[in-house]
There are 2 protein chains.
Amino acid sequence: MRNFTFYSPTFFAFGKDTEKDAGKYVRRFGGTKVLIHYGGGSVVRSGLLDRVKASLEEEGLPYVVLGGVKPNPRSGLVYEGIDLCRKEGVDFVLAVGGGSTIDSSKAIAAGTVYDGDFWDFYSGKLITEALPVGTILTIAAAGSEGSPDSVITNENGMFKRGATGDAIRPKFSILNPALTQTLPPYQTACGVTDIMAHLYERYLTNTRDVEVTDRLIEALLLTMIHEGPRVIENPDDYEARANIMWAGMMAHNNSCGVGRTQDWNSHNIEHELSAEYDCAHGAGLAVTMPAVFTYVMEHDVMRFAKAAVRVWGCQMDFDHPEKTAKAGIEAFRSFLISLGMPKNFAELGAREEDIPNLVRALCYGNGRKGSISGFVTLNEEDCAKIYKMMV
Amino acid sequence: MRNFTFYSPTFFAFGKDTEKDAGKYVRRFGGTKVLIHYGGGSVVRSGLLDRVKASLEEEGLPYVVLGGVKPNPRSGLVYEGIDLCRKEGVDFVLAVGGGSTIDSSKAIAAGTVYDGDFWDFYSGKLITEALPVGTILTIAAAGSEGSPDSVITNENGMFKRGATGDAIRPKFSILNPALTQTLPPYQTACGVTDIMAHLYERYLTNTRDVEVTDRLIEALLLTMIHEGPRVIENPDDYEARANIMWAGMMAHNNSCGVGRTQDWNSHNIEHELSAEYDCAHGAGLAVTMPAVFTYVMEHDVMRFAKAAVRVWGCQMDFDHPEKTAKAGIEAFRSFLISLGMPKNFAELGAREEDIPNLVRALCYGNGRKGSISGFVTLNEEDCAKIYKMMV
């Protein structure tokens with residue numbers, strides 16, 4: 001196991017009606033003037049926004065609002081939010097929504113107290129200072145409610161980049177599984193896929209002898225296999241939603257990823273797709289992961305066989321472990337399709353003729369020099385082949 | 001799933017040589033005058049105490065020392081520590097040792113800033129204020145390095161009681177698996193048993209449909225089954241020590257126990273044994289758990305069958321699930337014996353004729369009114385039968 005530090009100081013309030021305490025938690029964590037940041041109409045239509053406002057008013061906390069966050073959140077709205085926070089003297093950012101809203105809130109929180117362009121953080125600068133952020137989560141997927149990370153799409157070229165820093169870890173996150181019950185099945189399945197991706201990216205490691213984190217990752221994958229179909233069959237299943245919601249947080253606060261190298265090539269390959277076609281991140285991952293895994297399987301057959309046996313219930317073929325490894329990847333692919341996820345470029349709205357451009361953006365964007373690295377280092381040719389496998 | 005809150009803000013520094021940064025972390029978390037609290041000679045003999053002192057000196061941090069913590073830490077030393085901290089103006093307590101040393105440090109930290117008798121906290125009062133505590137862990141077992149809990153033995157009657165409160169959660173914990181390599185096999189096995197007990201106490205729940213936490217608990221139990229025998233066979237196995245150390249923290253910071261009822265009857269039944277006979281807590285648990293589980297199995301056969309199949313690799317007997325449930329408990333008993341743990345009263349140094357006294361202390365101590373409650377409520381007769389099963 002490699003040396004590591006782990007720090008996850010977010011306070012979680014989990015369960016029914018917990019959003020009613022939003023004002024109390026903002027107060028506890030030092031907020032006196034709040035930006036409520038949210039996305040589209042569902043937060044308004046469901047009455048959630050009104051309940052959050054009422055909770056702040058009950059605590060005598062003034063607030064301003066900024067809606068309009070889109071999936072794959074944009075830099076333009078972040079600049080708008082920063083201006084608003086400065087003008088209004090906001091000292092606490094409250095995200096009401098899913099990963100996109102939380103990521104946008106984190107960017108605003110960091111940018112407001114920073115003298116330069118907030119995009120510096122998305123070009124490699126560590127975030128060491130930010131307004132405190134709280135979240136009320138409405139989609140179990142991104143894990144941003146417990147992570148120090150944020151991903152924003154720069155509208156000047158439509159490319160996605162990430163930023164990180166303990167300063168943007170949420171001070172509190174309110175997780176009410178009932179708030180996710182109104183999510184359409186497609187978005188729910190995208191969330192399940194994203195959570196499983198966070199787990200697989202950590203599972204694909206080159207560090208040996210890390211049984212405890214292997215087992216924790218497998219446990220959360222098994223949970224998704226149990227709960228995913230339940231929630232697609234019955235979107236109102238509170239218990240299934242609750243299990244997914246806690247698994248989503250645990251999958252990405254890194255308690256199951258410490259002390260080991262991680263992959264993240266699937267995320268990198270997918271980011272070009274959702275930036276270019278504005279598809280849902282989870283949907284892009286559903287098409288990307290089976291292709292990547294198949295392509296890199298030879299690098300460590302036994303690792304994929306382990307997932308196949310322990311997670312997917314495959315019988316180990318001791319004479320031909322590669323058959324077991326492959327069976328596990330195919331079981332994962334079938335599972336994603338059974339949830340209603342797309343299986344190829346066409347279903348995703350991506351185009352084969354764009355592959356050279358995707359590869360160029362992937363392998364030379366973000367300061368890269370012709371390849372991406374993770375579980376396996378992939379050069380332009382590798383990435384082109386992987387995209388082709390997805391056609 | 002039940003509503004819950006979860007808060008685990010401890011900063012963990014994990015890996016080789018991490019104790020060298022002790023001074024840096026004390027400084028980061030606000031300490032200016034330190035009490036170094038420790039137990040017996042091994043911390044001194046191994047040179048660890050000197051390294052910790054050197055690290056504090058490097059940061060220009062003055063300190064006082066108080067050694068002498070015993071297993072099942074005593075109230076007398078806590079009073080001594082409180083006096084010392086007040087006299088010397090200590091504002092940070094640094095525990096160097098295992099769960100006993102950490103628990104004693106937490107008690108001192110809470111007592112120093114409290115006007116009344118610190119024992120109030122061990123009689124049910126919530127700890128809301130304390131000096132900050134840091135830990136350098138030398139035994140993977142109690143999970144106290146990441147928990148808000150402390151257990152102290154009152155010398156005035158020799159009974160053990162617990163206290164709790166977020167204020168005594170360590171600000172930081174340094175986890176260097178190499179520091180545990182010098183532990184004798186017996187103490188190592190006691191630690192493994194204690195960690196497994198923390199998992200089983202959470203596994204035995206009356207809450208339905210909690211797949212995510214069931215799976216996480218199973219993952220950590222499977223880790224202990226994999227790593228326990230390795231570390232007994234080769235005490236110098238750093239990787240096995242590392243897996244056990246992280247599992248020990250995760251087993252008890254409650255991330256795998258949220259949203260569900262828990263048991264803790266085995267701990268309660270054992271506490272009377274270690275208070276009376278001063279045996280190691282883990283050794284007491286090794287004798288207690290199989291008896292308790294066998295006694296309460298009928299309450300939820302399928303839960304024990306689930307553990308048998310998923311954790312112990314038993315084949316499910318679909319016609320006679322109770323046989324599977326029993327086989328899982330027996331597999332656990334055999335595993336503990338294989339680690340070198342005692343299997344009955346005699347090996348523990350306990351006496352059958354003391355059972356009436358043990359039952360009385362158990363069922364009427366700590367404000368109880370003739371029974372203990374958890375997975376199943378157990379009255380005097382139940383507890384007497386369980387102790388008898390351990391003879």
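Numbers below:
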item	result
In region A:69-96, residue surrounded by the fewest Cβ atoms within 10 Å (Cβ to Cβ) [restricted to those that are touching a strand residue (DSSP E or B) at 6+ places or on another chain (Cβ under 8 Å) and among the small types (Gly, Ala, Ser)]	A:75
Filter result for the condition that a residue is more than 19 Å from residue A:252 (Cβ to Cβ), buried (at least 17 other Cβ atoms within 10 Å of the Cβ), in contact with a helix residue (DSSP H, G or I) (Cβ under 6 Å, 6 or more places away or on another chain) and not β-branched (Val, Ile, Thr), over A:15, A:39, A:99, A:31	A:39
Among the residues listed as A:124, A:97, the single one being at positive phi and at pLDDT below 95	A:124
Single match in B:174, B:217, B:195 (criterion: among the β-branched types (Val, Ile, Thr), within 16 Å of residue B:312 (Cβ to Cβ) and within 12 Å of chain A (Cβ to nearest Cβ))	B:217
Residues being out of contact with any helix residue (DSSP H, G or I) (no Cβ under 9 Å at 6 or more places or on another chain) and under 21 Å from residue A:91 (Cα atoms) - total across region A:42-52	0
Hits in region A:266-306 - residues which are within 14 Å of the chain's Cα centre (by Cα) and in a helix (DSSP H, G or I)	A:266, A:267, A:268, A:270, A:271, A:274, A:281, A:282, A:283, A:284, A:285, A:286
Count of region B:207-227 residues which are assigned to a helix (DSSP H, G or I), closer than 23 Å to residue B:300 by Cα and not β-branched (Val, Ile, Thr)	9
Residues of region B:226-249 classified as more than 7 Å from chain A (Cβ to nearest Cβ) and under 18 Å from the mean Cα position of the chain (by Cα), total	6
Odd one out for residue A:256, checked against (1) assigned to a loop (DSSP other than H, G, I, E, B); (2) over 22 Å from residue A:145 (Cα atoms)	(2)
Some residue of region B:277-293 being touching a strand residue (DSSP E or B) at 6+ places or on another chain (Cβ under 7 Å) and under 28 Å from residue B:174 (Cα atoms)	no
Test: residue in region A:179-194 that is farther than 30 Å from residue B:239 by Cβ, surrounded by fewer than 24 Cβ atoms within 10 Å (Cβ to Cβ) and among the hydroxyl-bearing types (Ser, Thr, Tyr)	yes
Qualifying residues in region B:250-262 (those that are facing chain A (nearest Cβ under 9 Å) and aliphatic (A, V, I, L, M)) - the one surrounded by the fewest Cβ atoms within 10 Å (Cβ to Cβ)	B:258
Residues that are of a type in the set (A, V, I, L, M, F, W, C) and without any contact (Cβ under 8 Å) to a residue 40 or more places away in the chain, drawn from region A:376-385	A:384
Positions within region A:349-391 being modelled with pLDDT under 95 and either among the acidic types (Asp, Glu) or on the phi > 0 side of the Ramachandran plot (or both), in sequence order	A:366, A:367
One residue from B:270, B:218 being surrounded by fewer than 24 Cβ atoms within 10 Å (Cβ to Cβ), in contact with a helix residue (DSSP H, G or I) (Cβ under 6 Å, 6 or more places away or on another chain) and modelled with pLDDT of 95 or more	B:218
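Here is a yes/no grid of residues against (1) farther than 23 Å from residue B:216 by Cα; (2) touching a Ser or Thr at 6+ places or on another chain (Cβ under 6 Å); (3) in contact (Cβ under 8 Å) with a residue 24 or more places away in the chain; (4) small (Gly, Ala, Ser):
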| position | (1), (2), (3), (4) |
| --- | --- |
| B:289 | no, yes, yes, no |
| B:295 | yes, no, yes, no |
| B:316 | no, yes, no, no |
| B:320 | yes, no, no, no |
| B:326 | no, no, yes, no |
| B:338 | yes, no, yes, yes |
| B:367 | yes, no, yes, yes |
| B:374 | no, no, yes, yes |
| B:387 | yes, no, yes, no |
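The values are calculated or read from the model by the stated rules, or taken from the named source; none is laboratory data. Everything quoted here is computed from the prediction, not taken from an experiment. So basically every Cβ, Gly included, is an ideal-geometry build from the backbone, and we count neighbours across all protein chains shown.
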